[in-house]
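Worksheet: the structure to be examined is printed underneath.
The values are calculated or read from the model by the stated rules, or taken from the named source; none is laboratory data. Remember, predicted model here, so these are calculated numbers, not experimental data. Counting neighbours? That spans all protein chains shown, and the Cβs are built from the backbone with ideal geometry, glycine included. To get the accessible areas, we keep the full protein, side chains included, count just its heavy atoms, and leave off ligands, DNA and RNA. Shrake-Rupley method; radii C 1.70, N 1.55, O 1.52, S 1.80 Å.
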Amino acid sequence: MVKAVAGANWGDEGKGKITDMLAKEADIIVRFQGGANAGHTIVNDYGKFALHTLPSGVFYGHTTSVIGNGVALNIPVLFREIETLTGRGVPMPKILVSDRAQIVMPYHILFDQYEEERLGKNSFGSTKSGIAPFYSDKYAKTGFQVSELFDEERLKEKVEKTLEMKNVLLEHLYHKPPIDKEELFATLCDYREMVTPYVCDVSAYLNRALKENKTILLEGQLGTLKDPDHGIYPMVTSSSTLAAYGAIGAGIPPYEIKEIITVCKAYSSAVGAGAFVSEIFGAEAEELRRRGGDGGEYGATTGRPRRMGWFDCVASKYGCRLQGTTDVAFTVLDVLGYLDEIPVCVAYEIDGEEVTDFPVTVKLEKAKPVLRTLPGWKCDIRGIREYEKLPENCKAYVEFIEEQIGYPITMVSNGPGRDDIIYRKK
Ligand code: GDP
């Protein structure tokens, strides 16, 4: 059976922790989209880790970690991540990389940097990991699949052909030095050495695993609002962040996905540019940022301070609907324990009208938050394991949000650790 873990919002909802927790009962964990541009932070017995490419199940001895065909594979980042883990005492995980995954090329990273520089104040706030140029090439059909590393002659030819076009852009659009074809070819040969032990026909492997009744966990990156089709286009990421894409990015039948666990954070945060209706600023935002997550709301990949806001019911209801949510995991609730009152965004006001359906970007930019204030609970809820033991105001907050978004909150996370979880019945 297949379960997916995906984000309802802008990412950083705590998917890593939920996946790590669910991985205990899973056999295989699959990354199916995105690249090393975002990170998951995981706290476990080995310490605190920021994962960028490996799935969050790598810390268990019983799981196989899979990089699906939908991922933007940065081979040296993967290689370094494996080395860091084993260097810190984590047993060597079982890793498989799809032979159909495409490779983030060194020039994708350069183009990402140069384009953001060129755009100046209109830049996307990219993490400059090459993801947008990578997916552009994938769909322009000029990308390199892992399998292509293994035919040297064809690889050499393709490198030469590709650089004809890339070097024109480098020299004439960005005024930067061109790339040497021998050097790039040598780099790709190094990549081949690094990735060879893991390469596999992932789709065939997963389909066999399904026949053997294994449990497969699909791990999404970012969240619904960063999806290129359904998110806040153009301030989105370049691959689909929806659970449905898990079928494509892993190579399994869509009807095999039986559970979709959508992760929602008890307040909002976002990185990068784009409309963020319930955003807060100044000292109020600074305090939530400082207290947020585990050690503050700063990017796992970039260290950038995240933009902060109150919980947004409009965005989260939409986020859950597009994921096809069967269960909501409501995270980081413990952080809100310091507040006397907690504002929640329950609707948007657009041109004098109140709406609760998440609008298209042009309308979203005009939206103002309609806030409702709920009483705080003013205590530390970490360590509580039963829902009934939570303070009344805390339960009222969870139940209010559950009603607003319309999907069952079956897990409440009240700390960064694996065991900081409260299960609720549907
Ligand atoms: P992801 O990309 O969705 O996995 O999210 P991030 O890893 O960027 O951000 C989540 C942060 O919150 C991490 O530092 C987690 O350790 C932390 N975290 C997850 N769940 C909880 C929780 O329930 N309470 C607290 N305090 N921190 C949490």
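Things to note:
- Computed per residue of the chain from DSSP H runs no shorter than four, each worth -39500 (n - 2.57), the mean residue ellipticity at 222 nm is -9500 deg cm²/dmol.
- GNM remark for the chain: springs join alpha carbons under 10 Å apart, and the peak mean-square fluctuation among 257, 82, 350 falls on 350.
- Working note: Cα atoms of the stretch 110-159, range along each principal axis, descending, whole Å: 43, 17, 16.
- The residues of the stretch 150-281 expose on average 47 square angstrom of accessible surface per residue, using a 1.4 Å probe on protein heavy atoms.
- Computing FRET efficiency as 1/(1 + (r/R0)^6) for residue 186 and residue 273, where r is the C-beta to C-beta distance and R0 is 30 Å, gives about 0.20.
- Bridging of residue 426 to aspartates and glutamates at a Cα separation below 13 Å is possible for 327, 399, 402, 403, once same-chain residues fewer than 8 apart are set aside.
- Two-decimal Rg to Rh for the chain - Kirkwood Rh, Cα set: 0.98
- Segment residue 154-residue 354, extension gain: residue separation times 0.36 nm, minus the distance between their alpha carbons: 66.2 nm
- Put a dot 7 Å past the Cα of residue 389, heading toward its Cβ, do the same for residue 46, and the two dots end up 3.0 nm apart.
- For the stretch 110-198, the set of trypsin sites (Lys or Arg not before Pro) satisfying both a DSSP loop assignment and a count of at most 16 other C-beta atoms within 10 Å is given as 141.
- Listed pairs 94/317; 214/389; 17/226; 138/366; 15/395; 24/258 exceeding 27 Å between Cα atoms: 94/317; 214/389; 138/366
- Farthest toward positive dipole pole in the chain [+1 Lys/Arg, -1 Asp/Glu at C-beta], among 178, 191, 65: 65
- DSSP-defined antiparallel bridges as percent of all bridges, the chain, nearest 5: 40
- When the charge dipole of the stretch 74-190 is built from unit charges on Cβ atoms (+1 for Lys and Arg, -1 for Asp and Glu) and taken about the Cα centre, the candidate among 96, 125, 114 whose Cα reaches farthest toward its positive end is 125.
- Summing Cβ point charges (Lys, Arg +1; Asp, Glu -1) relative to the Cα centre of the chain gives a dipole of roughly 440 debye.
- Dipole magnitude of the stretch 112-250, debye to nearest 20 (Cβ charges: Lys/Arg +1, Asp/Glu -1, about Cα centre): 480
- Residue-count net charge about residue 243 - beta-carbon cut-off 12 Å; Lys, Arg +1, Asp, Glu -1: -1
- Most mobile of 380, 180, 334 in a GNM of the chain (Cα contacts under 10 Å): 180
- Summary value for the chain: 20 percent relative contact order, contacts being C-alpha pairs under 8 angstrom separated by 6+ residues.
- Solvent exposure of the stretch 362-413 amounts to 56 Å² per residue of accessible area, where only protein heavy atoms count and the probe is 1.4 Å.
- Per residue, the convex hull spanned by the Cα atoms of the stretch 358-404 amounts to 122 cubic angstrom.
- Tilt relative to the chain, helix 152-168 - C-alpha long axis, 0 to 90 degrees, to 10: 70
- Reciprocal of mean inverse Cα separation for the stretch 5-122 (Kirkwood radius, Å): 15.2
- Charge tally in the Cβ shell below 12 Å around residue 128, where Lys, Arg are +1 and Asp, Glu are -1, residue 128 excluded: -3
- Between the helical axis of 75-87 and the longest alpha-carbon principal axis of the chain there is an angle of about 60 degrees.
- Neighbourhood charge, 10 Å Cβ-Cβ cut-off, centred on residue 150 and excluding it, Lys, Arg +1 and Asp, Glu -1: -2
- Size descriptors for the stretch 143-203: radius of gyration and Dmax over Cα atoms are 13.5, 42 Å.
- FRET efficiency estimate (nearest 0.05) - Cβ-Cβ, residue 175 to residue 213, R0 51 angstrom: 0.35
- In the stretch 309-387, GluC sites (Glu not before Pro) in a DSSP loop with at most 16 other beta-carbon atoms within 10 Å: 365, 386
- Tilt relative to the chain, helix 181-195 - C-alpha long axis, 0 to 90 degrees, to 10: 60
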